[in-house]
Amino acid sequence: MVDIQVTNLTKFFVIGENLLENLTFEIQEGECVAILGRNGCGKTTLFNILTGQMDYDSGEVYVNPNKKLGLISQIPRFPEGFTVEDVLRSAFADILRVRQKMELLECEMANGATDAQLREYDALTNRFQTGGGYDMDVEVDKICNGLGITADQRMQEFASLSGGEKTRVNLARLLLEKTDILLLDEPTNHLDLNSVEWLEQYINAFKGTVLTISHDRYFIDQVADRVIEITEGHAEFYSGNYSFYMDEKQARFDLQLKQYEQEQAKLKQLGYTVERMKGWGINNRTLYRRAMSIQHRMERIRKTEKPKKERTMKASFGEKEFSGDIVFKMKNVSKSFGDRTLFSDVNLTVEGGERIALLGDNGTGKTTFIKCLLGDEDCAGKIQFGPTVKFGYLPQIIHFDHPERSLYDTMLYEKNCTPQTARDRLGAFLFQGEDVFKQVGNLSGGEQSRLRLCMLMDEKINLLILDEPTNHLDISSREWVEAAIEEFEGVLLFVSHDRYFIEKFAERIWLLEDGTIRDFPCGYQKYRSILEHEAAAKPVVTAAPKPKKEKPKGGTKDTDKLIRRLEREIEKQEALIGEFDEKIEAAAADYQELTRLLNEKEEAEAVLMDLMEQWDAAQE
């Protein structure tokens, strides 16, 4: 069954310049399809058209009317004073209305109920149960735990959250709404690694249809059944994940280039033959007719368009020569905000040429750690740099002191360079023509990152520190940044949630969690393997083994002994179940732990029931 069908869709904002031109594709029920393309190619516009938020100029758009569709890119407005919990519960608006009716009916029936009221209450109860009303709390806890929305954050006002936090809460609300078709626009942008991995598992288990825009290559590899790339307003189709897309795209480019070169060689040879025959055919009509026949044949040959390589930025980091072994040392470094300790007693040494990834959940203090290292934040302990170390820093949140200036003026004033040098450097970063006169404050997040990198790469550095360098960049820009970093021979320290980027560059990993930094002298895959091994080795509380039923032996003595033994085992089992109640209460905000404990308690209760049955049989 087709869930989404787009036929010859055309959309333009400037007459004569089509953003989408005769775009055609269809999405089958249950598919997960990734939409790729450079920033500005029309991906988000396509989503807005599919949801009806934006009109289009021609073509046909079909979305299955019997399916519920949800879009994550738009953050709805909520009433003033709405908490995060209120926003999450709004996903159950219909069920909550049913519960409200049930409560009103319960009040009316307090002093006696009519048959009609009982029938209505029974119908409402069935609706509440089939709609998942009794599982509502468990579902909210499960989604919040997976996406890292803490119990404290659930009590905050939604309006007080940052843009990234609002996006995360809205994603949780959308998942709770039980939509049939999910449209996800950059869903991993504001999630930490654990949350992204949880979302991948959710999507892979999701029975509905998913259409996602993403520049997270690892994420696409994990969830996508196929890829649609939007290029110059048209769709290119790839029947696999990101790795398949990359291989297939290169294979298509090579094949098209080969066909183009073969055609050009053939046309050149035929053209040479035609010219010679025309020369010979001045006095020979047969040769002249043959020459014209060959020329007509040349015109009929299907011309393969020469494949175009995407424009790439050509720049590299300026490097300052480093002398010595130690780049920096940290001794007993600690940082706290009031009663909250972000990290303490950090002792690390970094030598020349190392490539280090600083990982950890959102809010653990990774950016603060970088600021302490750079001296932008005060901290306890000692940080010592080598004498010839010069660093360059790309922050997560880009800030320009004069956002009213153009890109061109920013380069002139801040880099103190000539007009021609400013144009050349901006051009190397794909800021060309009239683009250089845009105001810095009006640039997109990706463009601001690109401009800051342009300014950073001009400096002579031997320590490069990057905080989420691939955020807001499309895949082409990420690949370019990676190519520039590959050529950099100094020390690289970076914070990132882009697993593709981490896997490519990290040779050492620092994990910031529980107020400490663990040092893993290995790459990302081995690091993941170590964590998985540690998780598997943790002791798991299991229910007591189910005892075999024992029949009373012949004599009264044996029966009495069996009864006393069963009573001791029942007492122990009841105490074990009592312990589970305490643990379940403590784990109320941790869905995964809560689920595990509930399952184990259920097993323990089954064992208790079996013991009670044996005790009854022995008594008889």
Worksheet entry | Sole exception among (1) open to solvent by 10 Å² or more (accessible area, probe 1.4 Å); (2) closer than 11 Å to residue 34 by Cα for residue 162, by number | (2)
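Which one is modelled with the highest pLDDT among residues in region 159-184 that are of a type in the set (Val, Ile, Thr) and not in a helix (DSSP H, G or I)? Step through it out loud before you land on a result.
Restricting attention to region 159-184, the residues satisfying the condition of being of a type in the set (Val, Ile, Thr) are 167, 169, 179, 181.
Of the ones still in play, those that are also not in a helix (DSSP H, G or I) are 179, 181.
Values: 179: 85, 181: 93.
Checked region 159-184; the qualifying residue modelled with the highest pLDDT is 181.
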Worksheet, complete the sentence: Given (1) closer than 23 Å to residue 41 by Cβ; (2) hydroxyl-bearing (Ser, Thr, Tyr); (3) more than 34 Å from the chain's Cα centre (by Cα), residue 388 misses just (1)
Practice prompt. Assess whether residue 219 counts as being open to solvent by 40 Å² or more (accessible area, probe 1.4 Å), outside any strand (DSSP E or B) and under 25 Å from residue 182 (Cβ atoms).
Written response: no
Practice prompt. Report yes if residue 450 is modelled with pLDDT of 85 or more and among the charged types (D, E, K, R), otherwise no.
Written response: no
Discussion item. Would you confirm, using the coordinates I've provided, whether residue 248 is open to solvent by 10 Å² or more (accessible area, probe 1.4 Å), touching a strand residue (DSSP E or B) at 6+ places or on another chain (Cβ under 6 Å) and of a type in the set (D, E, K, R)?
Written reply: yes
Discussion item. Looking at (1) of a type in the set (D, E, K, R); (2) under 32 Å from the mean Cα position of the chain (by Cα); (3) modelled with pLDDT of 90 or more, which one does residue 401 not meet, given that it meets all the others?
Written reply: (3)
Practice prompt. Could you grab me the full set of residues in region 490-512 that are among the basic types (Lys, Arg) and assigned to a helix (DSSP H, G or I)?
Written response: 499, 504
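For (1) of a type in the set (Asp, Glu); (2) at pLDDT below 90; (3) under 29 Å from residue 20 (Cα atoms), each residue gets a yes or a no:
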site: 194; (1), (2), (3): no, yes, no
site: 211; (1), (2), (3): no, no, yes
site: 233; (1), (2), (3): no, yes, yes
site: 259; (1), (2), (3): no, yes, yes
site: 268; (1), (2), (3): no, yes, no
site: 289; (1), (2), (3): no, yes, no
Worksheet entry | Residue that is nearest to residue 305 (Cα to Cα) [pool: residues in region 267-292 that are hydrophobic (A, V, I, L, M, F, W, C) and surrounded by 12 or more Cβ atoms within 10 Å (Cβ to Cβ)] | 267
Item to complete: Output the number of residues of region 167-183 satisfying the condition of being buried (at least 19 other Cβ atoms within 10 Å of the Cβ) and in contact with a helix residue (DSSP H, G or I) (Cβ under 8 Å, 6 or more places away or on another chain).
Response: 11
Worksheet item: touching a residue at least 12 places away in the same chain (Cβ under 8 Å), part of a helix (DSSP H, G or I) and out of contact with any Gly (no Cβ under 7 Å at 6 or more places or on another chain) - does that describe any residue in region 56-66?
Response: no
Practice prompt. For residues that are among the charged types (D, E, K, R) and closer than 17 Å to residue 40 by Cα, scanning just region 413-446, find the one that is surrounded by the fewest Cβ atoms within 10 Å (Cβ to Cβ).
Written response: 434
Item to complete: Considering only region 293-311, state which residues are assigned to a loop (DSSP other than H, G, I, E, B) and either open to solvent by less than 100 Å² (accessible area, probe 1.4 Å) or modelled with pLDDT under 75 (or both).
Response: 301, 302, 303, 304, 307, 309, 310, 311
Worksheet item: Which of the residues spanning region 81-132 are among the β-branched types (Val, Ile, Thr), open to solvent by less than 80 Å² (accessible area, probe 1.4 Å) and either touching a strand residue (DSSP E or B) at 6+ places or on another chain (Cβ under 9 Å) or without any contact (Cβ under 8 Å) to a residue 24 or more places away in the chain (or both)?
Response: 83, 84, 114, 125
Worksheet item: For region 404-436, which residues satisfy the criterion of being assigned to a helix (DSSP H, G or I), under 33 Å from the mean Cα position of the chain (by Cα) and free of Cβ contacts under 8 Å to residues at least 40 places away in the same chain?
Response: 426, 427, 435, 436
Discussion item. Among the residues of region 467-489, are any modelled with pLDDT under 80, of a type in the set (Gly, Ala, Ser) and either assigned to a strand (DSSP E or B) or open to solvent by 30 Å² or more (accessible area, probe 1.4 Å) (or both)?
Written reply: no
Fill in: Per-region count, region 3-45, residues touching a helix residue (DSSP H, G or I) at 6+ places or on another chain (Cβ under 6 Å) and polar (S, T, N, Q)
1
Practice prompt. Name, by its number, the condition in (1) part of a helix (DSSP H, G or I); (2) in contact with a helix residue (DSSP H, G or I) (Cβ under 9 Å, 6 or more places away or on another chain); (3) more than 25 Å from residue 219 (Cβ to Cβ) that does not hold for residue 449.
Written response: (3)
Worksheet item: If you go through region 487-532 one residue at a time, how many are under 28 Å from residue 457 (Cα atoms) and of a type in the set (D, E, K, R)?
Response: 8
Worksheet, complete the sentence: For residue 500, the lone unmet condition from (1) closer than 21 Å to residue 215 by Cβ; (2) open to solvent by less than 10 Å² (accessible area, probe 1.4 Å) is (2)
Worksheet entry | Condition check for residue 60: over 30 Å from residue 246 (Cβ atoms) and not aromatic (Phe, Trp, Tyr) | yes
Worksheet item: Can you tell me which residue in region 146-158 is nearest to residue 175 (Cα to Cα), limited to those that are open to solvent by 50 Å² or more (accessible area, probe 1.4 Å) and in a helix (DSSP H, G or I)?
Response: 151
Item to complete: From (1) among the small types (Gly, Ala, Ser); (2) at pLDDT 70 or above; (3) not in a helix (DSSP H, G or I), pick out the condition that doesn't hold for residue 617.
Response: (3)
Worksheet item: Quick one: how many residues across region 44-55 are open to solvent by 60 Å² or more (accessible area, probe 1.4 Å) and touching a Leu at 6+ places or on another chain (Cβ under 6 Å)?
Response: 0
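The values are calculated or read from the model by the stated rules, or taken from the named source; none is laboratory data. No experiment lies behind these values; they were computed from the predicted model shown. Note: ideal-geometry Cβ built from the backbone for every residue, glycine included; neighbour counts use all protein chains shown. Remember, those area values only see protein heavy atoms, side chains included, never the ligands or the DNA or RNA. Shrake-Rupley method; radii C 1.70, N 1.55, O 1.52, S 1.80 Å.
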